[in-house]
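Asker: Structure provided below as structure tokens; questions to follow.
Only the coordinates and a few stated rules stand behind these numbers; no lab work does. Note that this is a predicted model, so its numbers are computed, not measured. All Cβ positions, glycine included, derive from the backbone under ideal geometry; neighbour counts span all protein chains shown.
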Amino acid sequence: MLRKHSKLLLIALVLAPAPAAAKEKAAPDAFAASMPAPPPAVPSNGAIFQGGYTPLTSGGRAGQVGDIITIQLVERTAATKSNAATMQRDGSIGLTPPATGPLSLFNPSDIGANGNQQFKGKGDASQSNALSGEVSVTVAAVYPNGTMLVKGEKLLTLNRGDERVQISGIVRAIDISPDNRVLSTRVANANIRYVGKGEIARASKQGWLQRFFSIISPF
């Protein structure tokens, strides 16, 4: 029985992902396209003009649920950090005994001490990321202050795997260009994901045995 539990524990440790590699999974519909709401029923009040039309001043600019907006990905981040520390301390002491008398038992070289302590440390870290391209998303919600929640994704099926670009966030109507484009740097609370699967993605991951030793390794 003890051997059986040991095997089950070993299998659980092997299959469990490493804490550092764990990723937060998004909900299945987190980036799903939003469909426009059905048009309201036309009231039969006999009037020629009825409300609910898009103002002529807005042109073809997106502003309703289901409208399409193109997000231009211009993400570029860079971070650099460095620190250095130096410490040094010296000390010495020496006594000169008398050359004559009962205390002349020691030589001057026998009574003396000195010490030296030195420390030097240095650390550097740098990281840079860049993402460019375009992703068309749909308006999921329109808020009273004029901002809109947008979300969408793009799936590319290549001969060696699949690449998926997902984005969601809040944009202002004033930041949308006449051709319904907005920079990703203008998207508030942006959630941008670039993930892939296939041969290339599998080749960049650790094997199951290597993950196991990474979990139990104390170093």
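Asker: Could you tell me the calculated FRET efficiency between Asp179 and Gln127, based on Cβ-Cβ distance and R0 = 25 angstrom, to the nearest 0.05?
Answerer: 0.15
Asker: I want the local charge near Asn114. Using Cβ-Cβ distances under 12 Å, sum +1 for each Lys or Arg and -1 for each Asp or Glu among the other residues.
Answerer: Working: positive: Arg89; negative: Asp90.
Neighbourhood net charge equals 0.
Asker: Using a basic spin-label model with each label point 7 Å from the Cα along Cα→Cβ, how many nm lie between Thr80 and Gln117?
Answerer: Calculated label separation equals 3.5 nm.
Asker: Cβ under 10 Å from Thr138's Cβ, Thr138 left aside: what net charge do those residues give with Lys, Arg +1 and Asp, Glu -1?
Answerer: Within the 10 Å Cβ shell, the charges total 0.
Asker: Also, quick follow-up: Taking the Cα-to-Cβ direction at Lys154 and at Lys205 and moving 7 Å from each Cα, how far apart do the two end points lie in nm?
Answerer: Spacing of the two 7 Å Cα→Cβ label points: 2.5 nm.
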